[in-house]
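The values are calculated or read from the model by the stated rules, or taken from the named source; none is laboratory data. Here the structure is a predicted model, which is why all the values come from computation and not from measurement. Reconstructed Cβ throughout: ideal geometry from the backbone, glycine too, with neighbour counts over all protein chains shown.
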Amino acid sequence: MIPILTRDDILAENLLRRGVPYLSGSAPDAPAMDDVDLVIELASSANARVRHGLAAWMLAQPQAHASILSASANLEPAALEHLRFLYSAAVRLQAVFVDELRPLCSAWAPLPDYFRAIHAPQARDGDPARALARLAREQANLFGALVDWEGTYRHIARTVIRRLSMERSWAGQ
C-alpha cells in the first residue's frame with residue numbers, strides 16, 4: 001500500500017530538506033517546492049502548528065527571508081496576516097535568542113524587519129523582548145486573546161534551538 005501524503009506532510013518534508021527539523025514526520029516522496037511556494041503554503045495552512053513552521057524556518061535559515069516579500073504579494077488576506085505576524089515574530093525572536101541561534105545557523109544574518117510599519121515596531125530602547133510582547137498583544141487583539149501568543153512564539157524559538165542543537169550533536173559538531 002502506497003501512503004497518501006497530506007499537504008502537511010509535504011510542507012514538513014520541504015522544511016526538513018532545508019535543514020529545519022521543526023515539524024515531525026518524514027515523507028521522502030514529497031514533491032520539492034521552491035521557497036516562495038513553501039512560504040505561501042505555510043502561511044495558508046489551516047493547521048496553526050504547520051503555519052508556525054514559517055517562523056521556525058526563518059529562525060533556522062535566516063537567509064530564506066528573500067522569499068517573504070514575493071510570497072506576500074500572492075496571499076489571500078487572512079494568510080497574509082498570518083505571514084506578517086509570524087515573520088515579525090521571527091524577527092523579534094531572533095533578536096531575543098541571538099546568543100543561542102547564531103552558533104546554530106549555518107548562515108547567520110539578521111532578519112530584515114519587512115513589516116515594522118505594520119506590526120509592533122521595536123521598542124524605543126531597542127528591547128526585543130518588549131517588542132515581542134507588544135506583537136503578541138497585537139495578535140491577541142486581532143486573532144483572539146485566549147491564546148498565549150508570546151508563549152507560542154517563544155515555544156517556536158525554543159523548539160528550533162533544541163532541534164538544531166540535537167542535529168549538531170548527532171553530526172558530531
Sole miss for Arg162 among (1) under 15 Å from Ala89 (Cβ atoms); (2) under 17 Å from the mean Cα position of the chain (by Cα) is condition (1)
Given the conditions (1) polar (S, T, N, Q); (2) under 17 Å from the mean Cα position of the chain (by Cα); (3) part of a helix (DSSP H, G or I); (4) modelled with pLDDT under 90, every one holds for Asn141 apart from (2)
Expected single match for of a type in the set (Gly, Ala, Ser) and surrounded by fewer than 20 Cβ atoms within 10 Å (Cβ to Cβ) among Ala129, Ala55, Ala90 is Ala129
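What number of residues within the stretch 62-76 satisfy the criterion of being in a loop (DSSP other than H, G, I, E, B) and buried (at least 18 other Cβ atoms within 10 Å of the Cβ)? Break it down into steps so the answer makes sense when it comes.
Taking the stretch 62-76 as the starting set, the residues that turn out to be in a loop (DSSP other than H, G, I, E, B) are 73-76.
Still in the running and buried (at least 18 other Cβ atoms within 10 Å of the Cβ): none.
Count: 0.
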Filtering the stretch 6-51 down to residues that are surrounded by fewer than 17 Cβ atoms within 10 Å (Cβ to Cβ), of a type outside the set (Ser, Thr, Tyr) and either in contact with a strand residue (DSSP E or B) (Cβ under 7 Å, 6 or more places away or on another chain) or in a loop (DSSP other than H, G, I, E, B) (or both) yields Arg18, Gly19, Gly25, Pro28, Asp29, Pro31, Ala32, Asp34, Ala46, Asn47
Note on the stretch 73-91: residues farther than 26 Å from Ala129 by Cβ, small (Gly, Ala, Ser) and touching a residue at least 12 places away in the same chain (Cβ under 8 Å) are Ala79
Checked pairs for the stretch 114-139, first under 12 Å from Phe85 (Cα atoms), second among the basic types (Lys, Arg) and modelled with pLDDT of 70 or more, C-beta under 7 Å and 6 or more apart or across chains, list as Phe115/Arg84; Ile118/Arg84; His119/Arg84; Ala120/Arg134; Leu132/Arg92; Leu135/Arg92
From the option list Ile40, Ile4, single residue qualifying as among the β-branched types (Val, Ile, Thr) and without any contact (Cβ under 8 Å) to a residue 12 or more places away in the chain is Ile4
